[in-house]
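The values are calculated or read from the model by the stated rules, or taken from the named source; none is laboratory data. As the structure is a prediction and not an experimental result, all values here were calculated from the model. Here the Cβ positions follow ideal geometry from the backbone for every residue, glycine too, while neighbour counts run over all protein chains shown. Side chains are part of the model used for accessible areas, which takes the heavy atoms of the whole protein and leaves out ligands, DNA and RNA. Shrake-Rupley method; radii C 1.70, N 1.55, O 1.52, S 1.80 Å.
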Amino acid sequence: MEKKNIDWENIGFGYMQTDKRYVANYKEGKWDDGALIDDANITMNECAGVLQYAQTVFEGMKAYTTEDGRIVTFRPDLNAARMVDSAKRLEMPVFPESRFIDAVVRTVKANAAYVPPYGSGATLYIRPYMFGINPVIGVKPADEYQFRVFTTPVGPYFKGGAKPITICVSDFDRAAPHGTGHIKAGLNYAMSLHAIMTAHANGFDENMYLDSATRTKVEETGGANFIFVTKNNKIVTPHSSTILPSITRRSIMYVAEHYLGLEVEERDVYLDEVKDFAECGLCGTAAVISPVGKVVDHGKEICFPSGMEKMGPVTQKLYDTLTGIQMGQIQAPEGWIKVIE
């Protein structure tokens, strides 16, 4: 398929409307067959459940053009399973995992002309999401829902390379014990907006959220999980029931152990031990790994030995290996790559 006439190497990380999107509706206790449609707009009642009580969940993933010209997605089965967990927690009907993957495949195929070419640094971002759409004025779950998938080509998250960022220990809590921190709900991101804008206003790139119960343990940022590298090259990631289970983090830990032969550990990470790590990064779909050069805890600076100029050596190996798998340059574990065409 001929690609769209887009300056692929210079597009930003933003929304660009593509030709088709997938829509399925849930009414009277069941999902309809779903279809690809042209219209990017949504019409709903002013009292729709999503507008009144934020009953919405979503996923984020990407489609890539590999070195041999195939269009692929990365571990969509895990996105499908995570959306099931999110939907259950917000009392929403489950969209079947097999249908989720089929909807993603159909939407990407229909927008194949927007999948950036290999080597451009750009990818096709995929956003599956679900929300309550019928009028709800009493505080209760909606009765009707809509599941949709749209795509948008995006440039690299970091223009000119991933320079280490500076983050601050936040005074705000991201999630409460027994709350919704472990699911991908829109409400979690809404509450993080004031915190991230406060961080930006104070000159920081991101927040480091601590556990709300004791405020002694590292949890995550507003949209990414932490990974740390010890001085003897062990990969450590925080464990918590209020952390979103990142698919990228899970993949990085596997790559570290099985491809690079590194020791890995998921455990409580205390704020007072962060100064002892050699490297730090934030991992997520958008950037894969964002290196952290400095953490500022209310004026006290924690500077990692990896510095502020480039990724640390271990973090760089993790990044190169995982992106190599995604782009078809390195053999992927079985089931990790879903070929679209």
Could you tell me which of the residues THR73, THR18 is crowded, with 20+ Cβ neighbours inside 10 Å, not hydrophobic (A, V, I, L, M, F, W, C) and not in a loop (DSSP other than H, G, I, E, B)? THR73
What's the number of the only condition in (1) part of a loop (DSSP other than H, G, I, E, B); (2) touching a residue at least 24 places away in the same chain (Cβ under 8 Å) that ILE101 fails to meet? (1)
If I ask for residues that are free of Cβ contacts under 8 Å to residues at least 24 places away in the same chain and farther than 30 Å from ASN202 by Cα, which ones from segment 311-321 would you list? ASP320
Which pairs turn up if I take residues in segment 50-78 that are farther than 23 Å from VAL288 by Cβ and without any contact (Cβ under 8 Å) to a residue 60 or more places away in the chain and look for partners that are assigned to a strand (DSSP E or B) and among the polar types (S, T, N, Q) with beta carbon separation below 9 Å, at least 6 apart in sequence or on another chain? none
Would you confirm whether or not segment 125-143 contains a residue that is within 30 Å of PRO313 (Cα to Cα), assigned to a strand (DSSP E or B) and under 19 Å from the mean Cα position of the chain (by Cα)? yes
Complete set of residues in segment 55-69 that are open to solvent by 10 Å² or more (accessible area, probe 1.4 Å), under 9 Å from TYR118 (Cα atoms) and either polar (S, T, N, Q) or outside any strand (DSSP E or B) (or both): THR65, GLU67, ASP68, GLY69
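Where in segment 155-243 are there strands (runs of 3 or more DSSP E), lying fully within it, with 1 or more residues that are open to solvent by less than 70 Å² (accessible area, probe 1.4 Å) and in contact with a Cys (Cβ under 8 Å, 6 or more places away or on another chain)? Break it down into steps so the answer makes sense when it comes.
Details: elements: 165-169, 206-208, 225-229, 235-238.
Those strands (runs of 3 or more DSSP E) span 206-208, 225-229.
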Picking from ASN79, ASN25, which residue would you name as being crowded, with 16+ Cβ neighbours inside 10 Å, modelled with pLDDT of 95 or more and part of a helix (DSSP H, G or I)? ASN79
Scanning segment 244-263 residue by residue, those part of a helix (DSSP H, G or I) and not polar (S, T, N, Q) turn out to be ILE247, ARG249, ARG250, ILE252, MET253, TYR254, VAL255, ALA256, GLU257, HIS258
When GLY324 is evaluated against the numbered criteria (1) without any contact (Cβ under 8 Å) to a residue 12 or more places away in the chain; (2) in contact with a Leu (Cβ under 9 Å, 6 or more places away or on another chain), which criterion, by number, is the only one it fails? (2)
Per-region count, segment 269-310, residues in contact (Cβ under 8 Å) with a residue 24 or more places away in the chain, part of a loop (DSSP other than H, G, I, E, B) and open to solvent by 60 Å² or more (accessible area, probe 1.4 Å): 5
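Among the residues of segment 1-16, which ones are over 20 Å from the mean Cα position of the chain (by Cα) and of a type outside the set (Phe, Trp, Tyr)?
At the first step, the residues of segment 1-16 found to be over 20 Å from the mean Cα position of the chain (by Cα) are 1-10.
Scanning segment 1-16 gives MET1, GLU2, LYS3, LYS4, ASN5, ILE6, ASP7, GLU9, ASN10.
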Only one of ALA110, ALA87 is at pLDDT 95 or above and open to solvent by less than 10 Å² (accessible area, probe 1.4 Å); which? ALA87
So the check is Cβ under 7 Å with 6+ separation or different chains; which pairs have a first residue in segment 19-38 that's over 21 Å from VAL115 (Cβ atoms) and a second one that's modelled with pLDDT of 95 or more and of a type in the set (Phe, Trp, Tyr)? ALA24/TRP31; ALA24/PHE147; TYR26/TYR145; TRP31/PHE95; GLY34/TYR22
Residue hits (segment 311-341; open to solvent by 20 Å² or more (accessible area, probe 1.4 Å) and of a type in the set (A, V, I, L, M, F, W, C)) are MET327, ILE330, ALA332, ILE337, VAL339
List every residue pair whose Cβ atoms lie under 8 Å apart, where the two residues are 6 or more positions apart in sequence or sit on different chains, the first residue falls within segment 136-151 and is surrounded by fewer than 16 Cβ atoms within 10 Å (Cβ to Cβ), and the second residue, located anywhere, is assigned to a strand (DSSP E or B). PRO141/GLY132
